[in-house]
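**Q** Take this structure, written in structure tokens, and hold onto it; I'll ask about it next.
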Amino acid sequence: MKAGKRARAASIIGGADGPTAVFMIGHKEKNIFRRIRFSLQNRKYKRKRASAAKSIIAAPHTIAEVMHYIVSRYGAVETDSQYPYYQERKRGMRYSLIQRCQPELLGPQRTILPPKDFQDEEALKLWQEQIEEWHQECQRRVNAISQEIFPTDYHLFLISKEDKGTMEIEIDTLCPNVSISYSGDQKLMESISKDIYLYFGVSQEDIDKKSPRYQTLLIALSA
């Protein structure tokens with residue numbers, strides 16, 4: 001993590017990475033050239049996002065249809081608990097779904113302040129320990145929420161493009177959700193990811209309410 005002395009705060013947040021994600025808040029960039037570059041990049045992203053938003057139409061598919069689609073089109077293979085990251089991914093998605101749908105079940109969130117000086121090894125070590133402790137606490141909270149209280153039905157599919165990369169597609173059928181991550185050839189994997197999110201699609205209600213499903217699609221199309 002390259003944060004330097006600009007970092008001011010870190011918060012554990014939900015999302016694709018579940019309870020392990022850390023959000024950094026920093027000072028305003030002082031280097032004028034970097035500020036100009038960041039500003040141009042931000043403007044470019046906003047234009048892509050606006051264009052993507054205009055292209056989104058209501059054309060949703062069910063989770064069952066998505067599962068069939070990724071298998072027939074991309075040769076996706078469903079994995080199970082034998083997959084090294086299965087349990088970790090499952091906990092991460094469950095955390096994200098609970099945080100999205102019933103955050104009160106998880107209790108209060110926590111902000112963890114980093115050391116003022118990242119060269120201070122003892123302070124940095126303490127900060128990392130606090131993050132790990134909070135990660136364990138988040139896992140404990142998720143594990144304490146039974147299937148009766150918050151039912152989920154998790155599935156993990158893999159798409160392998162051999163030396164060009166691997167894609168993980170996480171799906172929950174009870175809380176209809178698709179989450180995609182990948183490594184390897186960015187151009188190839190990004191095109192597959194966009195296609196799957198587009199196939200999953202959104203309803204008119206998702207568009208009108210700017211739902212999480214809509215936001216996920218918008219982010220994918222804006223990449």
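**Q** Taking interchain pairs and intrachain pairs at least six residues apart, which have beta carbon atoms under 6 angstrom, with the first residue in segment 180-198 and without any contact (Cβ under 8 Å) to a residue 60 or more places away in the chain and under 12 Å from Leu217 (Cα atoms) and the second buried (at least 18 other Cβ atoms within 10 Å of the Cβ) and of a type outside the set (A, V, I, L, M)?
**A** Going by the 6 Å Cβ cut-off, the qualifying pairs are Ile180/Ser193.
**Q** How about segment 116-159: which of its residues are part of a loop (DSSP other than H, G, I, E, B), surrounded by fewer than 16 Cβ atoms within 10 Å (Cβ to Cβ) and not acidic (Asp, Glu)?
**A** Result: Lys116, Gln119, Ser146, Gln147, Ile149, Pro151.
**Q** Criterion first (surrounded by 16 or more Cβ atoms within 10 Å (Cβ to Cβ), part of a loop (DSSP other than H, G, I, E, B) and modelled with pLDDT of 95 or more) does Val178 satisfy it?
**A** The answer is no for Val178.
**Q** Still on this structure, I have one more. Given the conditions (1) surrounded by 12 or more Cβ atoms within 10 Å (Cβ to Cβ); (2) more than 15 Å from Phe157 (Cβ to Cβ); (3) not hydrophobic (A, V, I, L, M, F, W, C), report the number of the one that Ser55 does not fulfil.
**A** So the condition that Ser55 fails would be (1).
**Q** Sticking with this structure for a sec: Which condition breaks for Ser191 when tested against (1) surrounded by fewer than 16 Cβ atoms within 10 Å (Cβ to Cβ); (2) within 30 Å of Ile112 (Cα to Cα)?
**A** The single condition Ser191 does not satisfy is (2).
**Q** Are any residues in segment 60-115 assigned to a helix (DSSP H, G or I), more than 18 Å from Ser211 (Cα to Cα) and among the small types (Gly, Ala, Ser), and if so, which ones?
**A** Ala64, Ser72, Gly92
The values are calculated or read from the model by the stated rules, or taken from the named source; none is laboratory data. Owing to the predicted nature of the structure, the values given are computational and were not obtained by experimental measurement. Using ideal geometry, Cβ is built from the backbone for each residue, glycine included, and neighbour counts are taken over all protein chains shown.
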